[in-house]
Amino acid sequence: MSKDSVEITDSGQRVILDIVLNMIVPPSADGRMPGAAEVGVPAYLVAEAADALPLLRQELEQIERRSRERFARGFAELEQGERKNLIGEMRAQASAFMHRLAMETLACYYQHERVVEGLGREARAPYPKGYQVVPGDLSLLEPVRARGKIYRDAP
Amino acid sequence: MTKDVDVLIIGAGASGAAFAWSMADTRMRILCLEQGDWMNPADYPSTRRDWEVRMDREFSPNPNIRRRPEDYPVNDSDSPISVLNFNGVGGSTILYAAHFPRPHPSDFRVRSLDGVADDWPIDYATLEPYYALNDRQMGVAGLAGDPAYPPHEPPLPHVPLGLAGETMARGFNALGWHWWPSDTAIATRDYAGRAACVNLGPCKSGCAQGAKSTVDITYWPVARRAGVQLRTRCRVREILVDDKDMATGVVYYDELGVEHLQRAEVVVLACNGVGTPRLLLNSRSARFPDGLANRSGLVGKNLMLHPWGMVRGTFDAPLESYLGPLSCCILSQQFYETDRNRGFVRGYNMQVTRGLGPVATARIGVARGDIPWGEGHHEAFARRYGRQIGVGICCEDLPEECNTVTLDPTLKDTNGIPAPKITYRLSENTERMLRHGLERGTEVMQAASAWDIYSDGPVRQTGWHLLGTARMGEDPGRSVVNAWGRSHDVKNLFIIDGSVFVTSGGVNPTPTIQAMALYIADVMKQRLANLFD
């Protein structure tokens, strides 16, 4: 099983999850940045946020149920604006869960190699290569030196 | 029963390591018990691509989040600031920022100069040689000539300012305010067998390079070669005393939970401002019903945490602000000394920190509503990533007996030892100081041309500096230990950590904690013939 195909939901819920993930971080218009549905969030959730999985399944069910009640269609069949309204309501009403989902998604997304490379950086661990940092212009200290001592003497 | 020792140190962190190193030349039998383990640098987050997530999980500075077997829980529900620490060889230096400013001479004379709290029984001049010694042993980087301090010369060149440091320097200059490259416990070039810093960035999750000066790689290797024994995964339950009020040793649990008795001629506490009072309060006996060495009633009282504010600004120019040691760059002590016109006494240090990694940039931006879900996400992220800088406000809080470490009635660690409970609030003076600092931090951000500025304080996850809970002083009724760390009540019990601070100053305390430990070791060595008189 590949990382991206980890089954934390049934196939219908997976479709809903992917839509929601891309609502959090969509693919960039220029194709440089993937959408959040493309970076293995389900596997990440299993590894890093297993405690949230039961609630995730409940919330995905809730999204589908609300969609059918409101629009008489499944969430996957809704227009973009309809999805946005429905998820907006969920964010207002189930804010803690939706916030958690967003935070976990962002953590997974912004450490994925495609994303890091899309940001123009090497997708690697900081160690051992490290990074170069400009030393800085110490002539900026001249006015500080010129003002002189600012600490108090103590008895 | 284990073999008796002359000196038993409890805790292998900043103070315990420095003390052990200094005492090693006595050739006494010295043993240190540490509840944590040795760290393997290969395990540090910076060796992995997912370093940002690892920092928040198993390398979180909050023991209640980290929850390693060697950690003990802390009930911090009655405090706006959470206690942060690390349990292992190296103690909290493993995860500290390595920001290493000294206090000012005035910090030791708070009562005389400002009419508040108490003076320390020692002064800056007494400790200065020990600061210098510690700078050399740890490997401290900086730039001599800072007009905010008496002259001193860090042994290593300062950490790079980067574009972020230069940007803020121009902001401070525009306002005519002090700034200076921070003293930093980082080897900026090869030093004492350690490789130079290569700017990995996440210093606060352990340094895989070994450039950050953590005591597991500075003091401990030398101390052990000199004969000091260090025993890990040993959690002390209580200190024992005889009917003459002398400590006789400790009871501890090993990694398997097996109970041991370790006898010692001298017991030295180095568990810092929460661990030390916790152990003393857990060491009750018929002679010390309120906790060991607590006839003053001050063990666990006067907790000081350095309430912390944070101002963050975003700049138009790309600054690569995520590069460089995360929390060490430049500082400003423009508002460090007392000026009563500000509406409070004492002052604060401004610590310029660098930008955040991509995960933290995105999470904070989305949580604040600055970076949206969906359309516009990538554009808003790009406007912030690598373009943000922070200014931390480290406030001196004064000692107050209502701020305490006590024993939680129900919470226990994995060995069943009662856990600490923190009760803490900010005083009105500190609240005013914090507000002033957040306003000045905003002002310097504006002067540096930041366009999106926000501030917050006190920041909850900033309780690194655990001070004052077994204060030193000459009066046994007003202090727990004397001017050289010896308990007033138990003549062979010493405390060498942040607990003994009389006041907190407004700077990171590790240099002072270590200078004090070295000073106390020297006094003990000079008094060996009559140490208990």
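Read-outs throughout are calculated quantities, based only on the coordinates presented, and are distinct from any laboratory measurement. Quantities reported herein were computed from a predicted structural model and do not represent experimental measurements. Cβ: placed from backbone, ideal geometry, glycine included. Neighbour counts: every protein chain shown.
Some values worked out for this structure:
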quantity	calculated
Charge dipole (debye, nearest 20) of chain B; +1 at Cβ of Lys and Arg, -1 at Cβ of Asp and Glu	660
Structure-based [θ]222 nm, chain B - -39500 (n - 2.57) summed over DSSP H runs of at least 4, per residue, nearest 500	-7000 deg cm²/dmol
Alpha-carbon centroids, the range B:1-44 and the range B:231-266: separation in whole Å	14
For the range B:288-303 versus the range B:343-411, the gap between their alpha-carbon centres in whole angstrom	34
Spin-label model distance (nm) - B:Trp38 vs B:Asp408, 7 Å beyond Cα toward Cβ	3.2
Ranked B:Ile393, A:Ile24, criterion: other C-beta atoms within 10 Å, fewest first	A:Ile24, B:Ile393
Calculated FRET efficiency for the pair A:Glu79/B:Glu153, C-beta based, R₀ 51 Å, to 0.05	0.15
Angle between chain A longest axis and helix A:95-109 axis [Cα atoms, degrees, rounded to 10]	70
Cα gyration tensor shape of the range B:364-411, rounded if a/c is under 1.5, else prolate or oblate by comparing a/b with b/c	oblate
Neighbour net charge for B:Thr353 - beta-carbon separation under 11 angstrom, K R +1, D E -1	+3
Distance between modelled label sites at A:Arg121 and A:Arg66, nm, 7 Å Cα→Cβ extension	3.4
Pair B:Asp254, A:Lys149: separation of 7 Å Cα→Cβ label points (nm)	5.8
Cα gyration tensor category, rounded, prolate or oblate, for the protein assembly as shown with a/c compared to 1.5	prolate
Overall form of the range B:53-101 per C-alpha gyration tensor (a/c, 1.5; a/b vs b/c)	oblate
Ranked by how many other beta carbons lie within 10 Å on average, peptides A:48-58, A:107-117, B:332-342 from highest	A:107-117, B:332-342, A:48-58
Between helix B:272-282 and chain B: long-axis angle, C-alpha atoms, 0 to 90°, nearest 10	30
Ellipticity estimate at 222 nm from DSSP helix runs (n ≥ 4, -39,500 (n - 2.57)) divided over chain A, nearest 500	-16500 deg cm²/dmol
